[in-house]
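Since the structure comes first, as structure tokens, the remarks are kept for the end.
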Amino acid sequence: MMLPLKKAGRFAIDLLFPPRCIFCENIVPPGRQVCPKCARKINHNTCGLTSVQADGKKIPCAFLYSYKGIVRDSILQFKFHGKKTNASWYAEQLAEKIKTAFPDARFEVVTSVPLSKNRMRERGYNQSELIAMPLANFLHIPYAECLRRIEENRIQHFLGKKARAENVRGAYLPFGLMAFGKCVLLIDDIITTGATLAECSSMLFLGGAKSVYCAVVAHSEFNSVEKKQTL
Ligand SMILES: [Zn+2]
């Protein structure tokens, strides 16, 4: 009974304040978040699987898109310019990707890469958590904070591959008991070298996780990482 009412409410709000495409800002029909033109463009964008190494294990990581073009622009808006509404769309798409990428996985908890307190204060939100929470809803799995960032490290974007791994070492710790004995799905916005996801996966194992899978919105080629806009 509640669901149709909620949907009708959403529809009415969309009519009053027409939704805009998260990529090009053009008005889209009620209930949509992406215009047909942008949908066609991103359908041609790559999605696939990569992996990171943690505790001698190969941790699979599903990604939706390459970090380029309109996808990169939308993530920069989302991450650095407060366009938080993009999160629900990324979450919905990524949830579908996860179902096909890991058909046999039985996830028991969804978590996200945490931000330091300073970064959280600056930005006001954790972009990975904003994606992971609705994603957990789409997959009908509980969301829980399972990690904490314990120190501010240098911004990854200016570092080489080896320095990135060293930079995140010791920056995270397991938090709470929700990962203990569980199959954990770890969410982040972008994977570049995989250093952050590898370290976070290790910390989830330290916190007792039985297995870890990762999923991100976009896969960035290390050499094409944005410099200026990521400060
Ligand atoms: Zn568009």
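What follows is calculated from the coordinates using simple rules that are stated; it is not laboratory data. Being a predicted model, the structure only gives us computed values, none of them experimental. We place every Cβ from the backbone using ideal geometry, glycine too, and count neighbours over all the protein chains shown.
Seen against the Cα atoms of the chain and their longest principal axis, helix 86-101 is set at about 70 degrees.
With both labels modelled 7 Å from their Cα along Cα-to-Cβ, the LYS57 to GLU92 distance reads 3.3 nm. Counting only Cα atoms, region 46-223 measures 38, 33, 29 Å along its principal axes, largest extent leading. Trypsin sites (Lys or Arg not before Pro) within region 60-89: which are DSSP loop residues with at most 16 other Cβ atoms inside 10 Å? Sparse-neighbourhood loop trypsin sites (Lys or Arg not before Pro): LYS68, LYS83, LYS84. Under a model in which nothing but the beta-carbon of Lys, Arg (+1) and Asp, Glu (-1) is charged, the chain shows a dipole of about 360 debye around its Cα centre. Round to the nearest 10 and give me the degree value, 0 to 90, for the angle of helix 195-206's Cα axis relative to the longest principal axis of the chain. Tilt of helix 195-206: around 70 degrees.
So how much slack lies between LYS68 and GLU145, counting 0.36 nm per residue of separation and subtracting their Cα-Cα distance, in nm?
In short, 24.8 nm is gained.
Near LYS83, once Lys and Arg are set to +1 and Asp and Glu to -1 for all other residues with Cβ below 11 Å from its Cβ, the sum equals +1. Selection among ILE190, ILE141, ALA87 by position relative to the dipole of region 46-223 gives ILE190 as farthest towards the positive end (Cβ unit charges, Cα centre).
Fully extending the segment from PHE180 to LEU15 would add 54.9 nm, taking 0.36 nm per residue of separation and subtracting the current Cα-Cα distance. Model label points for ASN43 and LYS83, set 7 angstrom from Cα along the Cα-to-Cβ axis, are 2.2 nm apart. Taken along the Cα-to-beta-carbon direction at a fixed 7 Å, the label points for ARG123 and LYS210 span 3.1 nm.
Assuming charge only on the beta carbon of Lys and Arg (+1) and of Asp and Glu (-1), the dipole of region 72-172 about its Cα centre is about 440 debye to the nearest 20.
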